[in-house]
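Below: the structure, in structure tokens.
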Amino acid sequence: MSFLEDFQASLESLPTILQRKYSLMCDLDKSLQESQRQNELRCEQEIEDIKRGVQSGNITPDTSLIRFSDDALDEQKHCIRIADEKVGLAIQAYDLVDAHVQQLDQYMKRLDEELRRERDLAGAGGVAALNSDINVKSGRGSETSKGGRKKTRSAAAATVAADPPSMDLDLPVDPNEPTYCYCNQISFGEMIACDNPDCKIEWFHYGCVGLKDPPKGKWYCPDCASTKRRKGK
């Protein structure tokens, strides 16, 4: 299955996932409003009780001793937890959409690069050169070298981004394009190589292994790190 087919299959499930998250956010919002209303009523009642206690002399008008009840404070903490959960769902929904947008953007940039290369080769009248270029492109080249494994692919992505896409989508995806990572997709965005020379996958997308910045020192994928820990016991 090509990258575009994978992306289309993933995109089909996106509305359902977003709808589920928005529904949960809506339910949390209703619960939050109800909890806030109850807490406001409780706090207003406790304030009135404190005022009456001070006026009657039953409560010393010492601000350091006057406080809301534990029930009122627990309700306020519960409201904060609900609000934090709403924010978490909103961030998840944003990240999900953003990941799909980035994948589509990378696909369009790669496609435009392939189209420009084909036009250049066609202008030179080299059909054989075109086939040779596609065959060379399908390999991983110097990126599989163990000497510089910690280098990511941001430089390649920057090269593609330097030329604006022509949006010409008539050419199908190259079936020889190699795939990487746990997601079994083509190279896009920031990628990192596992420092285990026997790693079966070798290259990984930052997002798939929970990375945001390049790690310091050697880095092992979760599978190789687990194997390394077991051997070390």
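The values are calculated or read from the model by the stated rules, or taken from the named source; none is laboratory data. All values derive from a computational prediction rather than experimental measurement. Virtual Cβ from ideal backbone geometry, glycine too; neighbours counted across all protein chains shown. Calculation scope for accessible area: heavy atoms of the full protein, side chains included, ligands and nucleic acids excluded. Shrake-Rupley method; radii C 1.70, N 1.55, O 1.52, S 1.80 Å.
The residues of region 186-206 that are crowded, with 20+ Cβ neighbours inside 10 Å and closer than 28 Å to Val97 by Cβ, listed by number, are Ile186, Ser187, Phe188, Met191, Ile192, Trp203, Phe204, His205.
Please verify whether Gly53 is farther than 30 Å from Met191 by Cα and open to solvent by less than 50 Å² (accessible area, probe 1.4 Å), treating the condition exactly as stated.
Working: farther than 30 Å from Met191 by Cα: yes; open to solvent by less than 50 Å² (accessible area, probe 1.4 Å): yes.
Considered against the rule, which asks whether it is farther than 30 Å from Met191 by Cα and open to solvent by less than 50 Å² (accessible area, probe 1.4 Å), Gly53 comes out as yes.
A single member of Ile192, Ile201 is within 27 Å of Leu104 (Cβ to Cβ), at pLDDT 90 or above and in contact with a Cys (Cβ under 7 Å, 6 or more places away or on another chain), and it is Ile201. Only one of (1) at pLDDT below 90; (2) closer than 30 Å to Phe188 by Cα; (3) surrounded by 11 or more Cβ atoms within 10 Å (Cβ to Cβ) is not met by Ser13, so which one is it? The failed condition is (3). Which residues, taken from region 16-35, are open to solvent by 80 Å² or more (accessible area, probe 1.4 Å) and either in contact with a Cys (Cβ under 8 Å, 6 or more places away or on another chain) or under 21 Å from Glu75 (Cβ atoms) (or both)? Listed by number, the residues that qualify are Asp27, Lys30, Gln33.
Kindly indicate the residue of region 207-233 that is closer than 17 Å to Asn184 by Cα and surrounded by 12 or more Cβ atoms within 10 Å (Cβ to Cβ) and also nearest to the chain's Cα centre (by Cα) among those meeting that condition.
Residue satisfying both the conditions and the ranking: Gly207.
Within region 153-162, identify whether any single residue is modelled with pLDDT of 85 or more, surrounded by 12 or more Cβ atoms within 10 Å (Cβ to Cβ) and within 21 Å of Asp95 (Cα to Cα), and answer yes or no. No, there is no match, as no residue in region 153-162 is modelled with pLDDT of 85 or more, surrounded by 12 or more Cβ atoms within 10 Å (Cβ to Cβ) and within 21 Å of Asp95 (Cα to Cα).
Is it the case that region 87-97 has a residue that's part of a helix (DSSP H, G or I), of a type in the set (Ser, Thr, Tyr) and open to solvent by 80 Å² or more (accessible area, probe 1.4 Å)? Yes, region 87-97 contains at least one residue that is part of a helix (DSSP H, G or I), of a type in the set (Ser, Thr, Tyr) and open to solvent by 80 Å² or more (accessible area, probe 1.4 Å). Candidates are the residues of region 69-126 that are hydroxyl-bearing (Ser, Thr, Tyr) and more than 15 Å from the chain's Cα centre (by Cα); the one that is modelled with the highest pLDDT is Ser69. Listed by first and then second residue, the pairs linking a residue in region 52-70 that is farther than 22 Å from Asn39 by Cβ to a residue that is modelled with pLDDT under 80, with Cβ atoms under 7 Å apart and 6 or more places separating them unless they lie on different chains, are Val54/Pro61.
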